[in-house]
Amino acid sequence: MSTDEKNPLQGADPSPPETISATVNQDDIDALMAASADTTETADDTAVSQDDVDALMGLGVTPPINTLSVPTPRSTPESVPGFESKRGDQKAGRNDAVSIDILNQDRVARSRMPTMEVLNDRFARAFRGSLFNYMRVNADIIPTSAQMTKYGDFIGKIALPSYFVMVNMTPLRGSMLFILDPYLCYAVIEAFFGGNGKLEPKLEGRDFSVIEQRVFNQIVDHAIADFTSAWDPIVKLQMKVTRSDVKAQFVGIAASPEIIVASSFEIEMERWRGKFFVCFPYHSVEPFREQLISGVAADQTEMDATWKTALHKDIQDTCVEATVLLAARNITFGEASKLQTGDIIPFDKPDVATLFVEDIPIGDGRYGVSNRKYALCITQYRSPDEEDILKAVQIKKE
């Protein structure tokens, strides 16, 4: 290189960027770093980043290794063709799209259901009285907050041998589990058969005897009745035991990653204590999610005046089919088979005709003529019973 040529790494000429071909070595890199430090422009325009050094070293670029385009110190990175686009590509590579599994149910675990605490507290009070009536032992039952977790994580923390009872929860979908942990099983047997509670429980892996299982089933039956009563303000449950076992894999109510609602109850009976668990799939109660997260358990005895007014108004605008039965006569099948077109069936003229709405009798009255049209003056209303409604539904189906 001749002395008349200006070194692009050290010159201060504000002329447009020049392009040279040179072998990249450590001296060139050091000179570029020094020139960038002495420049008077802002740091954002002249600072040499790791991307610039990588470009000098020929890492991640397509041009030949021995050819380099270097801007003068006073030139900005935007003046170099392809410089900004290359950095933009690198930024885009760092912000790759993140895949989202819409079937993942972990999102529901963030929700809280305050109403569940009210229901659990109601169940605990009723269950305490049931245990006293059955075992003649005072029991303190402390409910904990209901948690939404994966079924696999929950069932894996249950100590063995526990007693599992699977119960069908009609009209809700799926089944639920009532679980007595080993300490509660030992406490129930000791308290029921008059133990003194001085011996430590032996949680060996043996199966429970028939008598012990019968006692556990009786306790679960009381728990089912109290649980149904506690949930009456939300939904009328008709629960039925489907099976019981000491191994969780034989009474599975959900897949391992599926979200469930689990509640635990600390039960202390004089000198014994244990835990009682209730769990059911989240999708079973999802239709009642708004009621469970509202924090107030609605009472079915209450009547919403706004809803009543809106419903009454909408019913007034409903179109229905109304018919009037003027008279009727019963004949035998033999007489009906002999009827032909044009035959006359005599009958006595009744004083009262029956009004039917959608084939359901709702009133009786006198028929006549009003404004040159046949009319019915209702004199008595009827209260349709269940038999009339079922009969009307059957007629509609036919």
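When nucleic acids and ligands are ignored and a 1.4 Å probe is applied, residue 357 ends up with an accessible area of around 30 Å². Once both labels are positioned 7 Å from their Cα atoms along Cα-to-Cβ, the gap between residue 136 and residue 324 label points is 7.3 nm. Highest mean first, the peptides 177-183, 281-287 sorted by other C-beta atoms within 10 Å per residue fall in the order 177-183, 281-287.
Compare 130, 229 by solvent-accessible area with a 1.4 Å probe and give them largest first, with all protein chains kept in place. Present the calculation step by step, with values, prior to reporting the outcome.
Values: 130 15, 229 70 Å².
The most accessible residue leads, giving 229, 130.
Once all protein chains are placed together, residue 172 keeps about 20 Å² accessible to a 1.4 angstrom probe. Per-residue SASA remark: residue 386, around 140 Å² accessible (1.4 Å probe; ligands, DNA and RNA not included). Sorting 260, 331 on solvent-accessible area from highest to lowest, probe radius 1.4 Å, gives 331, 260.
Of the residues 184, 311, 376, 390, the one with the largest accessible area comes first in the ranking 390, 311, 376, 184, computed with a 1.4 Å probe on protein heavy atoms.
The values are calculated or read from the model by the stated rules, or taken from the named source; none is laboratory data. All of these numbers come straight from a predicted model, not from anything done at the bench. Glycine also receives a Cβ, built like all others from the backbone with ideal geometry; neighbour counts cover every protein chain displayed. Each accessible area value is taken on the protein alone, full model and side chains, heavy atoms only, with ligands, DNA and RNA left out. Shrake-Rupley method; radii C 1.70, N 1.55, O 1.52, S 1.80 Å.
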